[in-house]
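The values are calculated or read from the model by the stated rules, or taken from the named source; none is laboratory data. What you are looking at is a predicted structure, and each value in this text was computed from that prediction instead of being measured. Neighbour counts are summed over all protein chains in view; Cβ atoms, including those assigned to glycine, are modelled from backbone coordinates with ideal geometry. Areas reflect the complete protein model, heavy atoms only, side chains present, ligands, DNA and RNA absent. Shrake-Rupley method; radii C 1.70, N 1.55, O 1.52, S 1.80 Å.
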Amino acid sequence: MSRFMQLYLLLVLFCTATVWPQAENAADDAEVSETETILQSQLFTLPDTGILRLHIYGEEQTLALQGTSKQILAANGRVVQNQYDSSARIQKRLVWDSPGKESLQPISVISYTYAGDEPFAQSATELRYREKRRLETVFNRNRQPVSIHTYVYDPDTMTVVDKTQRKKDKDTLKDGALLCAESFEYTNDGVVLLYVRMNYESTVANKYEEKYFYTEKSSSPDFQVYENDELRRCREYESDDLYVETVFFENNFSARIFYENGFRLREEFRHRDTVVGSKTYPVPQPEHGLEKSAGEQEVSG
């Protein structure tokens, strides 16, 4: 079967057998209905009018719906529909499973919002149907996420309650309950300085934090990892090839691991500042042995 026919059948399946959860409101309901109507009408006039434009590159198949600001992409086991405004800014992205079954199954829908005529999205709302999650993301002017809030989302009622409801048993978390709050800080050049994640799936909130430090010693940053404000792990670079990673345990114990060229060379186990044990690892050898440098060549005579 040709790829064109595969895509044709894929869209026929999409138009006739797709099951999409109840829309958030009447406007979204009308949007889905309009999309299906457009697809059906364009499909059957394709041989005569050429209104639909098909592009195939490898496993990727793209179908543009002219005059509707919509595009359908079939690739990597997924079917994606993008919708754009008159300024070619993406407004909505709907994702389905590839048609290996009788009908396409919805995976997610992402809606984008913009500030005035700005070309890049100010925020996005993503509904993940299988995970029953709603993600609210805010972006900076560099298109990087500044904050991501994850809520419980009920695809049956398609409603979100604007309040936090935490329960001891995470299975009883209600629709709209805040599960996770993530935040990011960057330099003026867009390099990440701080990442913080607050988890609310239990009665006690858990905090995870990553701090990054940029030095002239290495192209990679030093970093520190905290859990509930306690330092748990850090990495310090001496050069691009040399760094030391320290893991902190309870009761003032720690392990320092020395790396070179990505290989672990040595470990030191400490209690406070006292070394209580160590372990050395063999230096990996090339497959055919190390070649001696000019200064190490044996002199015969």
If N252 satisfies all but one of (1) over 31 Å from the mean Cα position of the chain (by Cα); (2) open to solvent by 90 Å² or more (accessible area, probe 1.4 Å), what's the number of the condition it fails? (2)
Within 29 Å of R272 (Cβ to Cβ), of a type in the set (A, V, I, L, M) and within 21 Å of the chain's Cα centre (by Cα): is that true of V196 in this structure? yes
Selection status of L127, closer than 20 Å to V80 by Cβ, in contact with a helix residue (DSSP H, G or I) (Cβ under 7 Å, 6 or more places away or on another chain), modelled with pLDDT under 95 and open to solvent by less than 40 Å² (accessible area, probe 1.4 Å): no
For segment 255-279, what are the residues that are of a type in the set (S, T, N, Q), exposed (fewer than 11 other Cβ atoms within 10 Å of the Cβ) and in contact (Cβ under 8 Å) with a residue 12 or more places away in the chain? N261
Select from segment 222-249 the residues that are more than 26 Å from C180 (Cα to Cα), part of a loop (DSSP other than H, G, I, E, B), in contact with a strand residue (DSSP E or B) (Cβ under 9 Å, 6 or more places away or on another chain) and open to solvent by less than 90 Å² (accessible area, probe 1.4 Å) and list them in ascending order. D241
Would you check which residues across segment 130-140 are assigned to a strand (DSSP E or B) and open to solvent by less than 60 Å² (accessible area, probe 1.4 Å) and list them? R134, L135, E136, T137, F139
